Ligand code: G1P
C-alpha cells in the first residue's frame, strides 16, 4: 500500500516580473481569474485531492498572500447581518483551518528545486504533492485528484504531463518516455528546458507533482542546472538513475499558463464563459466583438 498524500507544497516566492507593474504591490498568486485569486484555484484542487496540510514557500513582499488565508470575522458578521448568504459562502470557502497552513521563506531566488527544498523540514518522510499555481487546470475531475488516484496504483513519483508543440518544448521540463501505457507513461529520463531541437519527446511536465521524500534529500545536493537555477526536474530525474519509478500522467483537462499574459487572458475568458451567472452577458459581448472584428477585416 502506498502512503496517502496529505501535504502539498505551493512555491509562491516568484517575483512575477512578467506582470509588472501589477506585481509591484500584488503577489501574482493573488491576481484574480473572474473573482478568485489564482492561489484559491490551487488550494481547492489540493483539497479535492485529499490534501490536509498546505505549505507555502514565500518570499519578501508576499504578505498579502498570507493575509488572504486569514478569516475575516467582521466581514462575515456584516454579510450575515445583511443576509448575503451567497457571498458568505464564497468567503467561507476560502477559510483554512488553524494549523493547516505553514509558511516557509525562500531567502534567495535559487530556482524551483530550491523552493521545494525549503519545505523539507516540514515533510519528514512521506510522499507529498507540489502545485505550481501558475498552471491552472480546468477539468471535471481536478488534476491532482486524478494523479492521486493513479499514484495509488504506481507509487514512486509522478508528474502531470501534456503534449506541447515541438517549438515550445524548450520552455518546459520534457520527459524521455520509457513505455507508454496511454494515460500513464513510465519515464526513463527528464530534461529541463532542452535546447531547441534536442527534446527527447514533446511530452512536457505541467505544474503538478507527487514526489517521493527522496526527492527532497536529492534536492539538498542538486547543483544549479538550466538557467543557473536548482531545478526540480533534475532531482526527479535522479530518482530514475537510482532505480525508482517515475511516471508521467496525461491528465484530462485544459491547462492555462497563467504565468503568461496570453494564458491569463485565455483563462479569464474560459472561466468567465464557464460561469452560469456571467455566461449570457459575456458570450454576447464576445460574439459582438468577434462580429465587429470580422466586419473590419
Ligand atoms: C516549471 C518547471 C518545468 C515545467 C513548468 C510547467 O518551469 O521547471 O519543468 O515544465 O514549470 O509550467 P517554469 O515555468 O517555472 O519556468
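The values are calculated or read from the model by the stated rules, or taken from the named source; none is laboratory data. Please read all numbers here as calculations on a predicted model, not as lab measurements. Neighbour counts run over all protein chains shown; Cβ positions are idealised from the backbone, glycine included.
Checked against the criterion of being modelled with pLDDT of 90 or more, more than 18 Å from the chain's Cα centre (by Cα) and at positive phi, the candidates 61, 99, 50, 83 yield just one match: 83.
Could you say whether any residue in the stretch 262-273 is free of Cβ contacts under 8 Å to residues at least 40 places away in the same chain and touching a strand residue (DSSP E or B) at 6+ places or on another chain (Cβ under 7 Å)?
Yes, there is a match, as at least one residue in the stretch 262-273 is free of Cβ contacts under 8 Å to residues at least 40 places away in the same chain and touching a strand residue (DSSP E or B) at 6+ places or on another chain (Cβ under 7 Å).
Of the helices (runs of 4 or more DSSP H) contained entirely in the stretch 201-297, those carrying at least 1 residues that are closer than 22 Å to residue 49 by Cβ, within 16 Å of the ligand (Cβ to nearest atom) and over 19 Å from the mean Cα position of the chain (by Cα) fall at 232-241. From the list 26, 34, 57, the one residue that fits, being touching a residue at least 24 places away in the same chain (Cβ under 8 Å) and more than 25 Å from residue 268 (Cβ to Cβ), is 57.
Among the residues that make up the stretch 166-182, is at least one of them within 15 Å of the ligand (Cβ to nearest atom), closer than 30 Å to residue 36 by Cα and in a strand (DSSP E or B)? Yes, the stretch 166-182 has at least one match. Is it true that residue 186 is more than 12 Å from the ligand (Cβ to nearest atom), farther than 24 Å from residue 254 by Cβ, touching a helix residue (DSSP H, G or I) at 6+ places or on another chain (Cβ under 6 Å) and touching a residue at least 60 places away in the same chain (Cβ under 8 Å)? So residue 186 does not fit the description; no. Every condition in (1) surrounded by fewer than 17 Cβ atoms within 10 Å (Cβ to Cβ); (2) in a loop (DSSP other than H, G, I, E, B); (3) at pLDDT 90 or above is met by residue 44 except one, and the failing one is (2).
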